[in-house]
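Here's the structure, in structure tokens; my notes come after.
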Amino acid sequence: MTERAAGAPDSTAMRVALWRAMHVRVDPPPHVLADEVGLRLAGPDDDWHSRPDMDPQATSGFRAAVVARARCVEDLVVEQARHGVAQYVVLGSGLDTFAQHRPEVAARLRIFEIDRPGHQSWKRQRLIELGYGVPDGLRLVPVDFEAGDSWLEPLTDAGFDPGRPAVFASSGVSMYLTKETTAATLRRIAGLAAGSTLAMTFLLPAERVEDADRPGLRDSEEGARSSGTPFISFYTPEEMLALAREAGFQDARHVPGSALADRYFAARADGLRPSSGEDLLLATT
């Protein structure tokens, strides 16, 4: 795929998928997340690994942060599935590949991936082309968040049962949306079935980022802006917790990125560790 096909994910979503694959290809085991399906979906040029934004050393912190947040969400989904939660909703799914690289868990779930209509058509075609197909348990739900479209009605139309608990995940999305849109999303989820869980990542303001990581954050901001997908929303942990509680969540917890680093990278001999700047909200209804 030498040029971007109609409906293909933006460069940011592609980069995340490639970083996940880079973790498997350049970092020694044990791998925090073993996923190269996104690379296959993206179908980049053969020299993709030579791109400046794929430099193994310069981007190691970002690569580690991406796999840490993905592993955290996957662990949450697996845990909740053990407790009988059978619905998993990915908000702004991009090149999410849980259904493909964790088939043993996906078989027990109904998975709903929500993203732009054009992207969902593109992804459906790619899954079919690559032989993965789109099983009945995977629903690709077309919704345009940026246009302010409601996602709950299309989600329900796709088979989601709002009366049963679910896991909701929103990774690497909130920085692209207005705070009003994120607050509305929190209210919708908080009003759903008791026992539902939300995992949402958010970017910290620059003053809350470790000094060594601030240049990288600036570079990320500039890259996102030049790609036409600028960062527009940053949150302090206190602000995000307040939004969740005002939305009606019974329990809301802040998980610092450093906690994920300690959980998944503490014993690594290579020193690989996520950069700071992105934290996680865990909230339950």
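Descriptive notes on the structure:
- Every residue from segment 251-285 that is under 16 Å from Asp27 (Cα atoms) and not charged (D, E, K, R): Ala261, Tyr264, Phe265, Ala266, Ala267, Ala269, Gly271, Leu272, Pro274, Ser275
- Cβ-Cβ distances below 8 Å connect the following pairs, each with a first residue in segment 221-248 that is of a type in the set (Ser, Thr, Tyr), a second residue that is surrounded by fewer than 17 Cβ atoms within 10 Å (Cβ to Cβ) and outside any helix (DSSP H, G or I), and a separation of six or more residues or different chains: Ser227/Asp10; Thr229/Asp10; Ser233/Thr178; Tyr235/Pro205; Thr236/Pro205.
- The listed residue being buried (at least 17 other Cβ atoms within 10 Å of the Cβ), over 22 Å from Ala17 (Cα atoms) and under 18 Å from the mean Cα position of the chain (by Cα), out of Leu186, Leu203, Leu243: Leu186
- Any hit, segment 153-168, residues being under 26 Å from Gly257 (Cα atoms), surrounded by 19 or more Cβ atoms within 10 Å (Cβ to Cβ), among the β-branched types (Val, Ile, Thr) and at pLDDT 95 or above: yes
- Hey, Arg273 surrounded by 14 or more Cβ atoms within 10 Å (Cβ to Cβ) and either more than 20 Å from Asp96 (Cβ to Cβ) or free of Cβ contacts under 8 Å to residues at least 24 places away in the same chain (or both) or not: yes
- Enumeration of residues in segment 75-99 that are acidic (Asp, Glu) and either touching an Asp or Glu at 6+ places or on another chain (Cβ under 9 Å) or modelled with pLDDT under 95 (or both): Asp96
- For Ser121: the one exception among (1) surrounded by fewer than 21 Cβ atoms within 10 Å (Cβ to Cβ); (2) in a loop (DSSP other than H, G, I, E, B): (2)
- When residues in segment 25-44 are screened for being in a helix (DSSP H, G or I), buried (at least 20 other Cβ atoms within 10 Å of the Cβ) and aliphatic (A, V, I, L, M), 4 of them pass.
- Per the conditions (1) more than 17 Å from Ala183 (Cα to Cα); (2) loosely packed, with under 13 Cβ neighbours inside 10 Å; (3) in contact (Cβ under 8 Å) with a residue 12 or more places away in the chain, the sole criterion not satisfied by Asp251 is (1).
- Number of residues in segment 254-263 that are part of a helix (DSSP H, G or I) and either free of Cβ contacts under 8 Å to residues at least 40 places away in the same chain or of a type in the set (Gly, Ala, Ser) (or both): the value is 5.
- Single condition Met240 does not satisfy, out of (1) on the phi > 0 side of the Ramachandran plot; (2) part of a helix (DSSP H, G or I): (1)
- Being modelled with pLDDT under 95 and among the hydrophobic types (A, V, I, L, M, F, W, C) holds for only one residue in Ala58, Ala70, Ala106, and it is Ala58.
- Inspection of segment 247-269 finds no residue satisfying the criterion of being of a type in the set (Asp, Glu) and more than 22 Å from Glu74 (Cα to Cα).
- Within segment 45-55, the set of residues being exposed (fewer than 13 other Cβ atoms within 10 Å of the Cβ) and touching a residue at least 12 places away in the same chain (Cβ under 8 Å) comprises Asp45 only.
- Matching residues, segment 171-207, being without any contact (Cβ under 8 Å) to a residue 60 or more places away in the chain, part of a helix (DSSP H, G or I) and closer than 18 Å to Gly257 by Cβ: Met175, Ala206, Glu207
- Residue list for segment 124-133, filter: out of contact with any Gly (no Cβ under 9 Å at 6 or more places or on another chain), surrounded by 15 or more Cβ atoms within 10 Å (Cβ to Cβ) and of a type in the set (A, V, I, L, M, F, W, C): none
The values are calculated or read from the model by the stated rules, or taken from the named source; none is laboratory data. Treat the numbers as computed from the prediction; the structure is a model and nothing was measured. In this analysis, Cβ positions are derived from the backbone assuming ideal geometry, glycine residues included, and neighbour counts consider all displayed protein chains.
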